[in-house]
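None of the figures in this text is laboratory data; all of them are computed from the coordinates on show. Treat the numbers as computed from the prediction; the structure is a model and nothing was measured.
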Amino acid sequence: MKIMVVVFQIVSAVSFVLISTITQAQESEIPTSIDFDVGERWEWARINNETKKPEWNFFRTVVSNDGTKLFSDGENHTQITQTFLGGSSEKPWRVWPIKIGKKWDYENKFTSADGTLVVTSQSVEVLSFEEVTVAAGKFMAYKIAYKGTFSNNRGVGVMNETYWYAPSVKADVKYISEDGKDYFYKRELIKYSKNEF
């Protein structure tokens, strides 16, 4: 009898965890300024493909400007909501709410540092809600795949990207970019704090 009770308790606990995970994975709404605290900070690192060590870091901090919360990278300030939409392209970078199986198209035009016009065109799909481990810890995150091309005056190339968006920290905790050949770029969250560190 005691064994049956213990087994029932274990099954109940596992069921609760699974139901909680499934519930969290149903969908994630776009974060707004009310979801952030002034001083909240994220730091990412670009990882070298060969050495597997960080090459350079960049960060984002929530600041207040006359009572309006903004993201700051130390030099520039950006609107919080605009960051999660991904600029002003006609076909947005991210379509909210995020949920498994959701699909959309993304297009973007920008001018590179050397003055070249670059056009990206990608099909996007939210593949899963899974655990991902990065330097900042373990997170449940939506795996979002962007597959397509970029073009400029030198031709057309493959542009495949994968993001892992973690609702618990309201940020992409991991990112990989590949060109289908030999180019590979990776960045990951290395620090997160509710208060500036």
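Miscellaneous remarks
- Listed values for region 28-45 are Karplus-derived 3J(HN,Hα) couplings in whole Hz (6.51 cos²θ - 1.76 cosθ + 1.60, θ = phi - 60°), namely 10, 6, 5, x, 10, 4, 5, 7, 10, 10, 4, x, 4, 9, 10, 9, 10, 10, and x replaces Gly and Pro.
- With θ taken as phi - 60° and the Karplus curve 6.51 cos²θ - 1.76 cosθ + 1.60 applied, the whole-hertz 3J(HN,Hα) list for region 112-121 is 6, 4, 8, x, 7, 6, 10, 10, 10, 9 Hz, x standing for glycine and proline.
- Residue-normalised convex hull volume from the C-alpha trace of region 46-118: 187 Å³ per residue.
- Straight-line reach from LYS186: taking Cα to Cα under 18 Å and skipping same-chain neighbours fewer than 8 places apart, the lysines in range are LYS52, LYS53, LYS138, LYS143, LYS147, LYS174.
- Over all distinct Cα-Cα pairs of region 80-197, the Kirkwood formula returns a hydrodynamic radius of 15.4 Å.
- Pairwise centroid distance, computed over Cα atoms, of region 73-134 with region 52-66, Å: 18 Å
- Each Cα pair under 8 Å and six or more residues apart adds its sequence gap; the mean of these over the residue count of region 38-197 is a relative contact order of 22 percent.
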